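First the structure, in the form of C-alpha cells, and then the observations on it.
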Amino acid sequence: MPQPGLLAPTDTGLATQYAAYANPQWVRLLNLLQMNVRYERCLGAELFTTVGRTILDFLSGYCVHNAGHNHPDIVAALTRELESYGPAMLQSHVPELAGELAQRLCRLAGGRLTKVSFCSSGSEGVEAAIKFSRAYTGRGGMLYAQGAFHGLTCGALSLMDEPFWRDGFGPLLPGTEAVPFGSVDALAERLATRQFAAFLVEPVQAEAGIRVPDAEYLKTAQELCRRYGTLFVLDEVQTGMYRTGPFLATHHFGLDPDMVILAKALSGGLVPSGALLLSDEVYRSVFRSLKRAIVHTSTFSENGLAMRAGLATLDVLEARRLGQRAGELGAWFRQQLASALAEFEMVREVRGLGLLSGIEFTAPRQLRLRIPFAAFRRIHRGMFGQVLVMRLFREHNILTQICGNNFMVLKAAPPLVVSQAQLDTFVRELREVVELVHNSTVFWSEALGLAGRAVNI
Ligand SMILES: Cc1ncc(COP(=O)(O)O)c(C=O)c1O
C-alpha cells in the first residue's frame with residue numbers, strides 16, 4: 001500500500017490503486033511538483049480537470065497529439081472501425097488497411113522510402129532499424145549522436161549516451177558509438193572505419209534541447225554515409241507527422257534517407273503505433289525469400305485500429321493543413337517569445353522548427369541570482385527548470401516540460417491545432433514566470449522548499 005503522505009488531496013481511489021500496484025514513484029513525483037490533477041476531458045489543445053481548471057497543453061504528450069486531443073474525426077473513424085467487426089490481429093490474412101496506410105506514408109515521405117514495416121512504438125521502430133541495417137550491411141556497429149533520445153528498450157538505449165537512462169541496465173549492444181551532433185569531422189572519421197551499419201540521428205534533437213542543426217550538417221552526413229556504405233537513418237518520432245512544418249523534418253534539409261522512424265503522432269494519440277519507412281533494397285535484405293516472409297514482425301504492428309487511426313490522422317492533418325500552420329505559427333511564436341523574453345539575462349536563446357520550440361535558460365550573472373541558482377543546482381541539475389514547469393502549471397495553467405537530456409531548455413510543443421490566441425497566452429504567462437525569476441525571491445524560496453521536500457520523501 002502507498003506510504004502515508006504519498007497521496008495528494010486530489011487523489012482518488014484509482015490513483016491509490018495506481019500508486020499501490022503500478023508506479024508509486026511516479027505518483028510521488030507528480031505530487032511533489034503539484035501536478036497530480038485529474039483530467040476528465042481533453043480536446044484540441046485544452047485539458048479540463050475535474051475541479052474546473054482548463055490547462056493549455058504545450059507538451060502534447062511529447063509530440064503525440066499533433067492533431068489535437070481526441071479529434072472528433074479520428075474518434076469517429078475508430079468507432080466505425082470497431083463497429084465493423086472486421087478482422088483484427090488474425091496474423092493469417094492480408095491487413096488491407098496497413099497497405100493503404102503504408103502507401104500514403106511512402107508517398108508523403110518520398111525519395112527512396114517505398115516500403116513500411118509497422119510496429120507499436122518508437123523504440124520498436126529503432127530496434128527494427130538496427131536489425132535492418134545489420135542485415136543490409138553485414139556490419140555490427142551503430143553510430144548515433146551525443147544527447148540523442150531514441151527510446152528505452154535495450155537496443156534503442158544502446159544508442160543513447162546519457163547515463164541517467166543507461167545506468168544499471170547493461171550490458172547493452174556492443175559496437176555502438178556516439179559522435180557529437182553537428183560535427184561532420186567526427187562523423188567522417190568514425191565512418192571511415194567501415195564498421196558501422198547505420199548512423200541513426202534525429203533531424204532536430206528534441207530531448208537534447210531542441211537542437212536544430214546547421215542547414216548543411218545532415219546533407220553532408222548523408223553523403224558521408226553513402227561514401228562509406230553506412231545507412232543513413234532518421235528518427236522522426238517527435239519531428240515527423242508535420243510537427244516541424246513539412247511531413248518530415250527531413251524535407252527541410254532536402255535529404256533522402258535510407259530509413260525513417262515514425263511513431264507518437266502517427267495514430268492521433270489514441271492507439272499505439274509506429275512505422276519504419278525504408279527503401280526496397282533494404283527491405284529485400286531482410287525479406288529476401290518466401291521462407292523469410294515473417295522473419296521480422298510483431299503481434300500488434302498492423303492491427304486495424306492503429307492503421308485506421310493512422311489514416312484518419314493523416315486526413316485531419318492534411319485537410320486542416322496543419323503542417324503549413326505549424327510552419328507559419330511556429331516562426332511567429334518564436335519571434336513573440338524572443339521579443340517578450342529579450343530583457344532577461346537568464347534567457348539564452350529561443351529556437352526550434354515549426355511548432356517544436358525550446359527556450360534555453362542559462363546561469364545568471366548577477367550575484368543576487370547566482371547564489372540561489374548555484375544552491376539548487378547543487379541539489380539537482382533539473383531543479384531550476386522543474387520549478388519553472390511547476391509554476392507554469394500551478395499558477396498559469398500551462399502544461400509543459402523541460403527536455404529529458406537538457407534540463408535548462410523548456411519545451412513548447414502544443415498540438416498543431418493550437419490557436420494564435422493560445423500561443424499568445426503562453427508567451428504572456430511564461431514572461432510573468434521569467435519576470436518572477438529575475439525580480440522576486442518567491443521563485444527561489446519555493447525552489448529551495450521543493451528541494452527540501454524532494455530530499456525528505
Ligand atoms: C526521438 C525519439 N525517438 C524514439 C522514442 C521512443 O519512442 P517510444 O517511447 O514510443 O518507444 C522517443 C520517445 O520519446 C523519441 O522522442
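The values are calculated or read from the model by the stated rules, or taken from the named source; none is laboratory data. This is a predicted model, so every value here is computed, not measured. Backbone-built Cβ (ideal geometry, glycine too); neighbour counts: all protein chains shown. SASA here: full protein model, heavy atoms, side chains in, ligands and nucleic acids out. Shrake-Rupley method; radii C 1.70, N 1.55, O 1.52, S 1.80 Å.
What number of residues in the stretch 60-97 are surrounded by fewer than 20 Cβ atoms within 10 Å (Cβ to Cβ), part of a helix (DSSP H, G or I) and small (Gly, Ala, Ser)?
Final tally of qualifying residues: 2.
Name every residue in the stretch 40-70 that is on the phi < 0 side of the Ramachandran plot, out of contact with any strand residue (DSSP E or B) (no Cβ under 8 Å at 6 or more places or on another chain) and more than 16 Å from the ligand (Cβ to nearest atom), in order of residue number.
Residues satisfying the conditions are 51, 53, 67.
Check the stretch 236-255 and report whether any residue there is within 23 Å of residue 305 (Cβ to Cβ) and of a type in the set (Val, Ile, Thr).
yes
Tell me whether the stretch 348-358 contains one or more residues that are surrounded by fewer than 22 Cβ atoms within 10 Å (Cβ to Cβ) and in a helix (DSSP H, G or I).
Checking the stretch 348-358: not a single residue is surrounded by fewer than 22 Cβ atoms within 10 Å (Cβ to Cβ) and in a helix (DSSP H, G or I).
Could you please find all residues in the stretch 287-336 being of a type in the set (D, E, K, R) and more than 30 Å from residue 135 (Cβ to Cβ)?
Scanning the stretch 287-336 gives 308, 315, 318, 320, 321, 325, 328, 334.
Residue 352 fails exactly one of the following numbered conditions: (1) at positive phi; (2) among the small types (Gly, Ala, Ser); (3) in contact with an Asp or Glu (Cβ under 6 Å, 6 or more places away or on another chain). What is the number of that condition?
(3)
Quick check: anything in the stretch 442-456 touching a Pro at 6+ places or on another chain (Cβ under 6 Å) and either without any contact (Cβ under 8 Å) to a residue 40 or more places away in the chain or within 16 Å of the ligand (Cβ to nearest atom) (or both)?
Within the stretch 442-456, none of the residues are touching a Pro at 6+ places or on another chain (Cβ under 6 Å) and either without any contact (Cβ under 8 Å) to a residue 40 or more places away in the chain or within 16 Å of the ligand (Cβ to nearest atom) (or both).
For the stretch 247-283, how many residues meet the condition of being among the acidic types (Asp, Glu) and closer than 11 Å to residue 237 by Cα?
Residues in the stretch 247-283 being among the acidic types (Asp, Glu) and closer than 11 Å to residue 237 by Cα: 0 in total.
Restricting attention to the stretch 168-186, does a residue exist that is within 16 Å of the ligand (Cβ to nearest atom), farther than 30 Å from residue 348 by Cα and exposed (fewer than 14 other Cβ atoms within 10 Å of the Cβ)?
Yes, because at least one residue in the stretch 168-186 is within 16 Å of the ligand (Cβ to nearest atom), farther than 30 Å from residue 348 by Cα and exposed (fewer than 14 other Cβ atoms within 10 Å of the Cβ).
Condition first: surrounded by fewer than 21 Cβ atoms within 10 Å (Cβ to Cβ), away from the ligand (no atom under 12 Å from the Cβ) and small (Gly, Ala, Ser). Can you find one or more residues in the stretch 243-266 that meet it?
Yes, the stretch 243-266 contains at least one residue that is surrounded by fewer than 21 Cβ atoms within 10 Å (Cβ to Cβ), away from the ligand (no atom under 12 Å from the Cβ) and small (Gly, Ala, Ser).
Based on what the data block shows, is residue 290 aliphatic (A, V, I, L, M) and either surrounded by 14 or more Cβ atoms within 10 Å (Cβ to Cβ) or under 28 Å from residue 75 (Cβ atoms) (or both)?
Spelling it out, it is not the case that residue 290 is aliphatic (A, V, I, L, M) and either surrounded by 14 or more Cβ atoms within 10 Å (Cβ to Cβ) or under 28 Å from residue 75 (Cβ atoms) (or both).
Looking at (1) within 16 Å of the ligand (Cβ to nearest atom); (2) surrounded by fewer than 24 Cβ atoms within 10 Å (Cβ to Cβ), which is the one condition that is false for residue 229?
Answer for residue 229: the failing condition is (1).
All but one of (1) away from the ligand (no atom under 16 Å from the Cβ); (2) farther than 30 Å from residue 188 by Cβ; (3) open to solvent by less than 20 Å² (accessible area, probe 1.4 Å) hold for residue 141; which doesn't?
Result: residue 141 fails condition (2) only.
Determine, yes or no, whether residue 132 is outside any helix (DSSP H, G or I) and closer than 26 Å to residue 248 by Cα.
No, not satisfied.
Rundown of residues vs (1) under 27 Å from residue 75 (Cα atoms); (2) of a type in the set (S, T, N, Q), yes/no style:
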| residue | (1), (2) |
| --- | --- |
| 280 | no, no |
| 309 | yes, no |
| 314 | yes, no |
| 318 | yes, no |
| 327 | yes, no |
| 335 | no, yes |
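Could we say that residue 359 is over 24 Å from the mean Cα position of the chain (by Cα), away from the ligand (no atom under 16 Å from the Cβ) and either farther than 26 Å from residue 437 by Cβ or of a type outside the set (Phe, Trp, Tyr) (or both) here?
Against the criterion (over 24 Å from the mean Cα position of the chain (by Cα), away from the ligand (no atom under 16 Å from the Cβ) and either farther than 26 Å from residue 437 by Cβ or of a type outside the set (Phe, Trp, Tyr) (or both)), residue 359 does not qualify.
Would you please name the residue that is farthest from the chain's Cα centre (by Cα), looking only at residues in the stretch 368-424 that are basic (Lys, Arg) and open to solvent by less than 40 Å² (accessible area, probe 1.4 Å)?
391
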